[in-house]
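What follows is a single structure, written as structure tokens, with notes after it.
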Amino acid sequence: MSAIQHAERSPLRIFLKTIVARAYPRVVAANRHKSWLFLDMALPMVGALAMVLVYQGLHAPRQYLGFVVMGGAMLAFWQNVLWSMGAQFSWDRGNGTLELYVISPTTFESVLLGMALGSMLTITIRAAAILLLGSLLFGISYAAAGTLPALGVFLLTLAALYCMGMLLASLFLFYGREAWHLSNAMQEPVNFLSGLYFPVHALGAYVGGAASLIPMTLGLDAMRQLLLPGTPVFIPAGTETLLVAAQVPIFALLAGVALRYLESRARKDGKLVTRWE
């Protein structure tokens with residue numbers, strides 16, 4: 001085999017090409033449906049507006065309005081993890097494309113990353129619009145000195161979230177047709193435990209410690225401490241950042257083990273095994 005043919009068939013090249021191939025349809029689909037982009041930005045703003053009015057009615061400190069706006073922006077990424085990664089393989093199994101992934105020379109991780117990154121464009125626009133419009137409407141200001149550190153924490157949080165999403169994909173696939181219900185069941189508890197609309201400090205040490213298993217809990221709290229002076233401290237922002245960074249390889253390792261198990265069972269038994277088979 002020539003060096004060029006070997007390079008074209010290298011695992012890294014196949015991995016990267018799979019990511020691009022799976023990301024492309026989602027980028028194109030987002031441009032075809034402009035109305036979806038408007039709805040994705042408008043609907044979360046309604047929920048955030050309700051919480052802002054509650055805090056204003058209670059005469060809460062000004063930074064609490066920032067909690068709501070930042071939480072509404074991060075909610076977009078959590079929903080992307082649930083629906084674009086967690087439940088995706090279950091849907092692919094239903095329409096017959098998952099079997100093609102199994103027999104192809106690529107990996108499940110590259111397929112999931114491609115679909116998630118493809119939808120990242122619209123998700124980022126949605127989150128940025130919520131953050132910008134909410135900040136302008138309610139007069140929220142942020143500490144300029146914390147912008148770059150908060151951006152670093154944000155990127156670490158996204159990495160940990162998407163690694164967690166790959167782990168959820170294997171779990172949802174195992175549970176078969178219950179994936180839809182699992183996705184819905186995880187939505188509101190995570191919204192609460194991650195402190196989307198209130199400081200994590202309010203959960204207390206025990207509940208807050210358990211909620212720290214969700215990367216968004218620590219990441220969002222650290223960003224608030226950096227951008228909104230006066231935020232009640234649950235754990236110092238530096239410690240939260242280190243914990244989120246540690247979650248990235250942990251979730252990535254667990255996701256790899258779970259996906260390899262399902263893939264090996266599928267190729268061994270000739271079908272994708274779930275708890276219902």
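The values are calculated or read from the model by the stated rules, or taken from the named source; none is laboratory data. Bear in mind that the values here come from a model prediction, so they are computed numbers and not experimental data. We place every Cβ from the backbone using ideal geometry, glycine too, and count neighbours over all the protein chains shown. Ligands, DNA and RNA are stripped out before the accessible areas are found, and what is left, the full protein with its side chains, is counted by its heavy atoms. Shrake-Rupley method; radii C 1.70, N 1.55, O 1.52, S 1.80 Å.
Taken together, PHE234, PHE172 contain a single residue that is buried (at least 19 other Cβ atoms within 10 Å of the Cβ) and over 21 Å from ALA116 (Cβ atoms), which is PHE234.
It is to be established whether one or more residues within the stretch 188-200 are in a helix (DSSP H, G or I), open to solvent by 60 Å² or more (accessible area, probe 1.4 Å), in contact with a helix residue (DSSP H, G or I) (Cβ under 8 Å, 6 or more places away or on another chain) and β-branched (Val, Ile, Thr). No, the conditions are met nowhere in the stretch 188-200.
Sort out which residues of the stretch 204-224 are hydrophobic (A, V, I, L, M, F, W, C), over 14 Å from VAL190 (Cα atoms) and either touching a His at 6+ places or on another chain (Cβ under 9 Å) or open to solvent by less than 10 Å² (accessible area, probe 1.4 Å) (or both), and write them in order of number. Hit for the stretch 204-224 is ALA222, nothing else.
Scanning the stretch 121-146 for residues that are open to solvent by 80 Å² or more (accessible area, probe 1.4 Å), under 29 Å from VAL28 (Cβ atoms) and at pLDDT 85 or above yields a single hit, LEU132.
Of the residues that make up the stretch 250-259, is at least one more than 26 Å from PHE172 (Cβ to Cβ), out of contact with any Gly (no Cβ under 8 Å at 6 or more places or on another chain), open to solvent by 70 Å² or more (accessible area, probe 1.4 Å) and modelled with pLDDT of 90 or more?
There is no residue in the stretch 250-259 that is more than 26 Å from PHE172 (Cβ to Cβ), out of contact with any Gly (no Cβ under 8 Å at 6 or more places or on another chain), open to solvent by 70 Å² or more (accessible area, probe 1.4 Å) and modelled with pLDDT of 90 or more.
The single condition among (1) open to solvent by 30 Å² or more (accessible area, probe 1.4 Å); (2) more than 18 Å from the chain's Cα centre (by Cα) that GLY66 does not satisfy is (1).
The requirement of being within 26 Å of VAL248 (Cα to Cα) and part of a helix (DSSP H, G or I) is fulfilled nowhere in the stretch 133-144; no residue meets it. Return a yes/no flag: does the stretch 35-58 have any residue that is over 22 Å from LEU155 (Cβ atoms), modelled with pLDDT of 80 or more, of a type outside the set (Ser, Thr, Tyr) and not in a helix (DSSP H, G or I). Yes, the stretch 35-58 contains a residue that is over 22 Å from LEU155 (Cβ atoms), modelled with pLDDT of 80 or more, of a type outside the set (Ser, Thr, Tyr) and not in a helix (DSSP H, G or I).
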